[in-house]
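Structure first, commentary second.
The values are calculated or read from the model by the stated rules, or taken from the named source; none is laboratory data. Please read these numbers as outputs of a predicted model, since none were measured by experiment. Quick reminder, even Gly has a Cβ in these numbers, built from the backbone with ideal geometry, and neighbours come from all protein chains shown. In case anyone asks, the SASA skips ligands and DNA or RNA and just uses the protein heavy atoms, side chains included. Shrake-Rupley method; radii C 1.70, N 1.55, O 1.52, S 1.80 Å.
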Amino acid sequence: MYTPKTKLWHIVILLAVCIVVAAPSGADDASSGIVDSQTFLRRNMTPAGPPASASAAAVEKLLGQMTLKEKIGQMTQLEIGMVTDGKDQSIRINPEKLHKAVGEYGVGSIINVNDEALSVERWHEIIRAIQAEAKKSRLQIPVLYGIDTIHGPNYVVGSTLFPQPLAMAATWNPELMLRGSQIAAAETRKAGIPWSFSPVLDAGRQPLWSRLWETFGEDTYLATVMGVATVRGYEGSDLSSSSSVSASLKHYVGYSYPTTGGDRSPALIPEITLREYFLPAFAAAVKAGAHTVMVNSSEVNGTPGHANSYLLKNVLHDELGLQGFVVSDWMDIKGLVSTHHIAANEKEATRIAVLAGIDMSMVPSDYSFSDLLLELVQEGKVPASRIDEAVRRILTVKYQLGLVDNPLRGIESKTVIGSPESRQVSLEAARESITLLKNENQALPLAKTAHVLVTGPDADSLIPLNNGWSYTWQGDRASAYPKDHATILKAIQEKIGAANVSYVPGTTYDKEVDIAKAVEAASKADAVVICLGEWAYAETPGNIPDLTLPDAQLFLARRIMETKKPVILVLTEGRPRIINRIAASAKAIVMAYNPSNEGGQAIADILFGDVNPSGKLPITYPRSTNRLFTYDHKMFSGEDWGEGKAMAAPQFEFGSGLSYTTFSYSDLHVAPSTASGSQTIRVDVAVKNTGSRAGKEVVQLYLNERVASVTPPLKRLKRFAKVSFQPGESRQVSFELTSDDLSFIGADNKRVVEPGMFNVRIGSLQQAFEWK
């Protein structure tokens, strides 16, 4: 038996960087169209280097000059309302409030907007005032401003917004993820903001969860690759650059798997499962250099995230090797009293959280944290050494960001907010994310000469194309959206001419409006595009008790289907809403996720064949509300999905997605057939575009062990490559696997590799090898 090192991050990175995808020549050829994941990860696993001024000596010198109150101030994070008056576009700095926060309390961080996205000019006004106040303080320590850059700088007016993370995962293209994150970082820093509360790396394995669309989907490996791409895109090669921001990995850890499906709800996750499915993406992102981590608002196995010293200290710092600092989420230290009831009062909660490993408290709307922590240290209930540890971490990040040298770094950069070039990257990402799930009798692409009815609640609004964290927290304020981007309806009209398009809303999100009129219009059309799905939501307001689409939307679809006209369902949604009552009658189904402001054009490009779809599902799309499982589940009763048992199967499987061309797989070769120790297993497969048009295929390698000491999943994704093909073109795609790819978390919660037979699956092909 071979047991690799127990350091979790070491194991994950060894697993991640062993990807090899090559053109027939074996070269790293950018012109080949192959996304070489091994080369990608190798290039992006080097953390950003700190500027010369960010030396440990400089931090220690500053730390040694600070009073206890000044140190605790650095650990305090307030929301913008604590230093301003007004809201939305009328927001203004209040000098007295600002002086109290920064001048008197020495607050280390300020966050958020109140209530709506601001222009870059207004951001400059606010950031300049905050940093000017910090400059007046005794030690002139700059304030670290943070914002939720979730899918681009969504709180900066006119910025480039990208598809939400779940949609980005559907591209299976880490290069696009990297480029989009670079643009988001540069535009965020242009506003004077150096810190992004992103990415969400908790695995999206609970489809009810209202934040599923903030994740990279259910698979640990895909989330790891896309997470590393995000971190490297944000932080770049030099964190102090005017185009870099610090990432914040969240929500550490297990927040995404609530037992009830509700946001901020308890999770029950055995440590073996936590280490197998949830920790690896965090481990890889920390190894890639992420500087901050935000904590799970809820609890795992009865222990709130903000009180879990084992996960925050033993695992995050000691095992994963985090060098930066840990920040709480919104009011979550107070939540140890009001929600979790593990502390009788806020003072005790503060003691518990700080000793557990919280370095910075998002209080965020009063000074209770600063006042109470000062008392705790003076009373000897929190050691001064713990305060120094936290402040040392915070100061180090401020130095690394270049804030000590220039707190306004980025404001004077040449970055153009929302440039045409950046919007083009977003458009390309939207096009690559859109996933064609059904295309019966080649119903798509539609002819541009066809008369098309467009209907449904999501047809003529940018809101469902973006979802939450878009100009406002909930993303549901229509007036905040730009006027120069096309909805699905407008994009279709631009594509084929307004005279060829009829439009009837049919329903709102959950109420009937004019279904009879929509049916009448459908009877006169050549085809019907029904735009169904969700409206905008974020966090707890997005909680739902049932994944099924609202009845009004299902009724609209069924009534139109009765006309026997070809129906194309376009789903704009942040989680997989159940559609089994209408899926069979639809001629085509397009999963668009939340594809951003460019999504209307991207959807029209797909529908009318100007772009060949290449997205693949990063989640399992369930068929029924009470049968929710991930693709990498363990064997269960009723697993046979053969004839007569189709209802047991998911509606659409993880990794699935159609194209307007076809691909064939052949000549799967795995060598050697027996290996051990440090040997690698090479996997080759021939892939051919057997259709008549160019397209991109995501080649996916799955692995499973036939017999293991812990029940093995049916399959696990281990490698993927997005490859471009011309009509008739064939390519050999090659991967390499090492012993780390064969490992799993054993019953003792340690990673192990056991001898046995392993199956390699690519497409419909399968071949076995033995590990000694």
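Within 10 Å of each candidate Cβ there may be at most 15 other Cβ atoms; applying that plus a DSSP loop requirement, which trypsin sites (Lys or Arg not before Pro) in segment 326-429 survive? Spell out each step's value before the answer.
Values: sites: K334, K347, R351, K381, R386, R392, R393, K398, R409, K414, R423; in loops: K334, K381, R409, K414.
Loop-located and lightly packed - K381, K414.
Provide the per-residue ³J(HN,Hα) series for segment 321-326, in order, calculated from phi with Karplus coefficients 6.51, -1.76, 1.60 and θ = phi - 60°, each as a whole number of Hz, with x at glycine and proline positions.
Going residue by residue, I get x, 4, 9, x, 10, 10 Hz, with x marking Gly and Pro.
First compute the accessible area of the chain with a 1.4 Å probe, then give the percent of it belonging to carbon and sulfur atoms.
51
Could you tell me which of rounded, prolate or oblate describes segment 564-679, using a ≥ b ≥ c as the square roots of the eigenvalues of the alpha-carbon gyration tensor, with rounded for a/c under 1.5 and, failing that, prolate when a/b is larger than b/c and oblate otherwise?
Values: a/c = 2.00, a/b = 1.34, b/c = 1.48.
Verdict is oblate for segment 564-679.
State the Cα centre-to-centre distance between segment 669-705 and segment 128-169 in whole Å.
42
Give the long-range amide H neighbours of L668: residues separated by 5 or more places, or on another chain, with amide H under 5 Å away, using H modelled in the peptide plane at 1.01 Å from N.
Close amide H contacts, sequence-distant or interchain: A686.
What residues qualify as long-range amide H neighbours of G410, i.e. H under 5 Å apart, gap of 5 or more or another chain, H built at 1.01 Å from N?
Residues meeting the amide H criterion: none.
In segment 194-292, which trypsin sites (Lys or Arg not before Pro) are in a loop and have at most 12 other Cβ atoms within 10 Å, using DSSP for the loop call?
Passing both the DSSP loop test and the Cβ count: no residue.
Please determine, in degrees from 0 to 90 and to the nearest 10, the orientation of helix 384-400 with respect to the longest principal axis defined by the Cα atoms of the chain, where the helix direction is its Cα long axis.
The answer is roughly 60 degrees.
Taking only C-alpha pairs under 8 Å that are 6+ residues apart, what is the relative contact order of the chain in percent?
Numbers: 1904 pairs, mean separation 116.4, N = 772.
With pairs under 8 Å counted, the relative contact order is 15 percent.
May I ask for the distance between the Cα centers of segment 211-279 and segment 468-510, given as a whole number of Å?
30
Which of the aspartates and glutamates could be linked to K564 by a straight reach, that is with a Cα gap under 13 Å, when you skip same-chain ones fewer than 8 residues away?
K564 reaches E520, D526.
I'd like the accessible area for T630: 1.4 Å probe, protein heavy atoms, all chains in place, Å² to the nearest 10.
It works out to around 20 Å².
Do any trypsin sites (Lys or Arg not before Pro) in segment 467-507 lie in a loop, going by DSSP, with at most 10 other beta-carbon atoms within 10 Å of their beta carbon, and if so which? Each step should come with its number before you reach the end.
Working: sites: R477, K483, K490, K495; in loops: R477, K483.
Filter output for segment 467-507: K483.
I need the phi-derived Karplus couplings for segment 726-736: 6.51 cos²θ - 1.76 cosθ + 1.60, θ = phi - 60°, integer Hz, Gly and Pro marked x.
Whole-Hz 3J(HN,Hα) from phi for segment 726-736: 7, x, x, 7, 10, 9, 9, 10, 10, 10, 10.
Taking K97 as the anchor, which lysines have their alpha carbon closer than 28 Å to its alpha carbon, excluding any fewer than eight residues away along the same chain?
K97 reaches K69, K71, K87, K135, K136, K190, K334, K347, K398.
Students often get this wrong, so try it: which of (i) 31.7; (ii) 69.1; (iii) 44.7 is mean projected area of the Cα convex hull in nm² as calculated from the structure shown?
(i)
If you line up the long axis of helix 120-136 against the longest principal axis of the chain, both from Cα atoms, how many degrees apart are they, to the nearest 10?
Taking the Cα atoms of the chain, the angle to 120-136 is about 20 degrees.
Between helix 368-378 and the chain, what is the angle of the helix's C-alpha long axis to the longest principal axis, kept within 0 to 90° and rounded to the nearest 10?
50
Please calculate how many Å² of accessible area the chain carries per residue, with a 1.4 Å probe and no DNA, RNA or ligand atoms counted.
Details: 26120 Å² over 772 residues.
It amounts to 34 Å² per residue over the chain.
Can you list residues from other chains, or at least 5 along the same chain, whose modelled amide H is less than 5 Å from the amide H of F663?
When sequence neighbours closer than 5 places are left aside, the close amide H contacts are T690.
Looking at segment 617-748, how many pairs of lysines come closer than 18 Å at the Cα, when each pair is eight or more places apart or spans two chains? It would help to have the intermediate numbers written out before the result.
Numbers: K634/K715; K634/K718; K688/K696; K688/K722; K696/K722.
Eligible lysine pairs with Cα atoms under 18 Å apart amount to 5.
Just name one of A525, I496, T540: the one whose Cα is farthest towards the positive end of the charge dipole of segment 482-555 (beta-carbon charges, Lys/Arg +1, Asp/Glu -1).
Going by the charge dipole, the pick is I496.
Would you give the gap between the C-alpha center of segment 282-336 and the C-alpha center of segment 399-463, rounded to a whole Å?
First find each Cα centre; the distance between them is then 32 Å.
What aspartates and glutamates sit close enough to K524 to cross-link, taking a C-alpha to C-alpha distance under 20 Å and skipping anything fewer than 8 places away on the same chain?
Excluding near neighbours in sequence, the set is D514, E562.
Pull out a ≥ b ≥ c, the square roots of the eigenvalues of the alpha-carbon gyration tensor of segment 210-282, then state rounded if a/c is under 1.5, prolate if not and a/b is larger than b/c, and oblate in the remaining case.
Details: a/c = 2.57, a/b = 2.00, b/c = 1.29.
Prolate.
Can you bin segment 617-772 into rounded, prolate or oblate? Criterion: square roots of the alpha carbon gyration tensor eigenvalues sorted a ≥ b ≥ c, rounded for a/c under 1.5, prolate for a/b above b/c, oblate for the rest. Could the numbers behind the result be given before it?
Numbers: a/c = 2.23, a/b = 1.12, b/c = 2.00.
Oblate.
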